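First up is the structure itself, then whatever we jot down about it.
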Amino acid sequence: MPDQAPATQIAVSKNNPCPFLRALVANGYVDGHIVPLGTLTEDIGLASGKTGMGLIRAKVLTYGIAMIANGHPLRSVTSGAILDELRNGPLDKHGAGSRILDVDGQVNLEQIERFASFGQEYRNPDGGTEPGLNAKQIETFMADNLKRDGDKARWTYPIMMKGEWPVLLDILGKGEGETRYLSVADVRTLFVERKLPKRITDRLPAPAG
Ligand code: HEM
């Protein structure tokens, strides 16, 4: 589909396949190339809105993921994560994910429709209802992604996937408990426009430049 991201955005490499990091890069919150692990951990910690032990857990998880993401943990610790070299790295599941983003960084809208098909209508705390997926529905969606990949799926993928959609639900989700859901509209905006909702960016320091 044609790129619908605002023209004022910073271009993001097709070799950055993470929708969350793509939004941070596109809007100037982190550099698109090398980001020190401390900066990445700090920003994702702030975006999570967590405090206390929750914040510590989020930071440790982010640090761990970012450390291994380029396949050179020592280099990542000393100089930072290379966000435009994530594709084909240890976290790249090669099609066992949602397939919303293709290898050229283009969005497949029909894959967003497929994502939505695993969900239902939820009561939006801001008023009305909207389609979304709760934790259980996200699990079903991820299991189906693995099934779709067939024999190519590796045993590490289910572990890696726990740090993706469930964390996105944790950060971006609306509502509480069993009815906490990831809004399909928010997911579409994240992938297509590379934008995080204002309630999340309000937690971050103003972008550089
Ligand atoms: C709170 C922080 C983060 C969130 C919410 C998040 C969320 C996600 C989501 C939802 C996906 C999409 C998977 C799919 O399409 O099925 C993804 C993919 C990915 N993320 Fe992140 N991510 C976060 C942090 C990171 C960090 C710190 C790194 C590494 C530096 C990273 C690297 C990747 C990579 C390489 C993929 C592609 C995996 C694949 O091939 O499916 N992410 N992430």
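Is it fair to say Ile44 is touching a residue at least 40 places away in the same chain (Cβ under 8 Å) and surrounded by 15 or more Cβ atoms within 10 Å (Cβ to Cβ)? Explain how you work it out, then say what you get.
Numbers: touching a residue at least 40 places away in the same chain (Cβ under 8 Å): no; surrounded by 15 or more Cβ atoms within 10 Å (Cβ to Cβ): yes.
So Ile44 fails the test.
Is it the case, given these coordinates, that Ile44 is modelled with pLDDT of 95 or more and either among the aromatic types (Phe, Trp, Tyr) or within 18 Å of Met160 (Cα to Cα) (or both)? In short, yes. Scanning the range 187-209 for residues that are in contact (Cβ under 8 Å) with a residue 40 or more places away in the chain and assigned to a helix (DSSP H, G or I) yields a count of 8. Taken over the range 104-129, residues that are polar (S, T, N, Q) and free of Cβ contacts under 8 Å to residues at least 24 places away in the same chain amount to 4.
Restricting Pro73, Pro131 to those that are in the same structural domain as Leu169 (by TED's automatic domain parsing) and surrounded by 13 or more Cβ atoms within 10 Å (Cβ to Cβ) reduces the list to Pro131.
When only residues in the range 76-110 that are polar (S, T, N, Q) and surrounded by 15 or more Cβ atoms within 10 Å (Cβ to Cβ) count, which is nearest to the chain's Cα centre (by Cα)?
Residues of the range 76-110 that are polar (S, T, N, Q), as a first pass: 76, 78-79, 88, 98, 106, 108.
Next cut, surrounded by 15 or more Cβ atoms within 10 Å (Cβ to Cβ) only: 76, 98, 108.
Working: Ser76: 20, Ser98: 11, Asn108: 16 Å.
Selected residue: Ser98.
Can you confirm whether the range 7-16 contains a residue that is at pLDDT below 95, surrounded by fewer than 20 Cβ atoms within 10 Å (Cβ to Cβ) and in contact with an Asp or Glu (Cβ under 8 Å, 6 or more places away or on another chain)? Within the range 7-16, none of the residues are at pLDDT below 95, surrounded by fewer than 20 Cβ atoms within 10 Å (Cβ to Cβ) and in contact with an Asp or Glu (Cβ under 8 Å, 6 or more places away or on another chain).
The values are calculated or read from the model by the stated rules, or taken from the named source; none is laboratory data. Quick caveat: nothing in here was measured; it's all calculated off a predicted structure. Ideal geometry is used to build each Cβ from the backbone, glycine not excepted, and the neighbour counts take in all protein chains shown.
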